[in-house]
Amino acid sequence: MAKLGRTTISRRTVEALTAGKDTVFWDSELLGFGVRVYPTGRKVYVVQTRAGGSNGKRVTVGRHGVISAEEARRRAALIVARIKAGEAPVPEPMAVTEAKGPTVADLAELYLKEVVAVRLKAASARSYRYAIDRHILPRLGGKPALSLDHAAVSAFHHSLGKTPTAANRAVEMLSRIYRAAEERELVPEGSNPCRQIAMNRQRRHERFLTDGEFRRLGRALDEAETGGGAVMYAALAIRLLLLTGCRKSEILTLRWAQVDLEAREMRLRDAKTGPRTVQLSPAAAEVLARIPRAGGNPHVIPGALNGNAMSGLQRHWEKIRDSAGLEKMRLHDCRHSFASRALALGESLPMIGRLLGHSQVQTTARYAHLARESVHEAARRVSDRIEANLYRDCPGPTAAEG
């Protein structure tokens, strides 16, 4: 039997409790009042008492997070009094309490309306809504939000095992939904059932152009530029991606008003991580200088419709990529190749983060293994040169030495 000593059951003490096995911790003041802690982290308030010569009776009071510790204590005292009076304890069933609250769909709709629509850009908002509509609502939408526990979320995660990345993203999204609901006091603090879910291991797709692949892609871009029209603009956009390390959206939404060729800068007002200035190399500035301006269109890479940016870059990229013999390369790998070449030239990870417009160092840290490879290669070159110098023009041993 676990005791709390001189400590009474309160929200703070209950949230701090952990157990390696199913354990009941008893209150130091109200005899028979306890909290049952499961290894999964689930915590349930209980009462155990007896009346007259009857055997002890344990009654569930409510789940922590669904009812507060103070409410559980009040109910426990009432249950003890009823049992001692020979009456039925009549606790309010947890299922009834949980069913009174919002459903997962209710919380998801609020999250989309008050967080996603307000804080995120349109493309990110569409991605979030897709994850919610595709995975969360069909499986969990109709369930009472307070009925979900660790086991239910773990089973949900497992059910998406054929798409491990989507499974991880769905659980992360569900966790964000619950955090937003807790902030707005729609569910009690500590109700998030997504904690400590073991995520699937993911293999990152990393593709970096070699010197030979850069040359092949360069020839394919030269050929595409001579075609004129949309293909020409697509080739110029790809050149800018390669020479600046920018995201596709940053180049496609770029307007001439944001380009200062004299200062060799692109001043992006609405980048993914907020406003930022991209410093242009002479090569990147030369590409911008030769891009024809489309009359009446403010975009550097214009679309087919007047005033719009290009929307079909992916289609053009696939043709150019295939022409260069780079069938498995993604457009986003132009950005990865920029980072990998910067590392090969000795640039630090913080500097590369600034060049790429990363807001968090963890994002740039994904290239750390390339930094180690660059150091290893440098060590090899230095060692090879020293070894060559050690033995260059060295005379053979004389007869006396031999």
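Every condition in (1) farther than 23 Å from G274 by Cβ; (2) part of a helix (DSSP H, G or I); (3) of a type in the set (S, T, N, Q) holds for S127 except the one numbered (1).
Each row is one residue, and each column tells you yes or no for (1) assigned to a loop (DSSP other than H, G, I, E, B); (2) outside the structural domain of V44 (by TED's automatic domain parsing); (3) over 30 Å from G307 (Cβ atoms); (4) within 30 Å of the chain's Cα centre (by Cα).
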site: I197; (1), (2), (3), (4): yes, yes, yes, yes
site: R219; (1), (2), (3), (4): no, yes, yes, no
site: Y233; (1), (2), (3), (4): no, yes, no, no
site: A237; (1), (2), (3), (4): no, yes, no, yes
site: L240; (1), (2), (3), (4): no, yes, no, yes
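The condition (being touching a Cys at 6+ places or on another chain (Cβ under 7 Å), at pLDDT 85 or above and of a type in the set (F, W, Y)) is satisfied by just one residue among Y233, Y178: Y178.
Which numbered condition trips up L331, out of (1) under 28 Å from A125 (Cα atoms); (2) surrounded by fewer than 13 Cβ atoms within 10 Å (Cβ to Cβ); (3) touching a residue at least 12 places away in the same chain (Cβ under 8 Å)? Against the list (1) under 28 Å from A125 (Cα atoms); (2) surrounded by fewer than 13 Cβ atoms within 10 Å (Cβ to Cβ); (3) touching a residue at least 12 places away in the same chain (Cβ under 8 Å), L331 comes up short only on (2).
Among the residues of the range 230-285, those identified as touching a Gly at 6+ places or on another chain (Cβ under 9 Å), among the small types (G, A, S) and within 21 Å of H336 (Cβ to Cβ) are A234, A235, G245, A271. Restricting the search to helices (runs of 4 or more DSSP H) fully inside the range 279-349 and requiring at least 1 residues that are of a type outside the set (G, A, S), farther than 24 Å from E223 by Cβ and under 31 Å from the mean Cα position of the chain (by Cα) gives 333-344.
The values are calculated or read from the model by the stated rules, or taken from the named source; none is laboratory data. As the structure is a computational prediction, the values presented were derived from the model and not from experiment. As a convention, Cβ positions derive from the backbone with ideal geometry for all residues, glycine included, and neighbour counts pool all protein chains shown.
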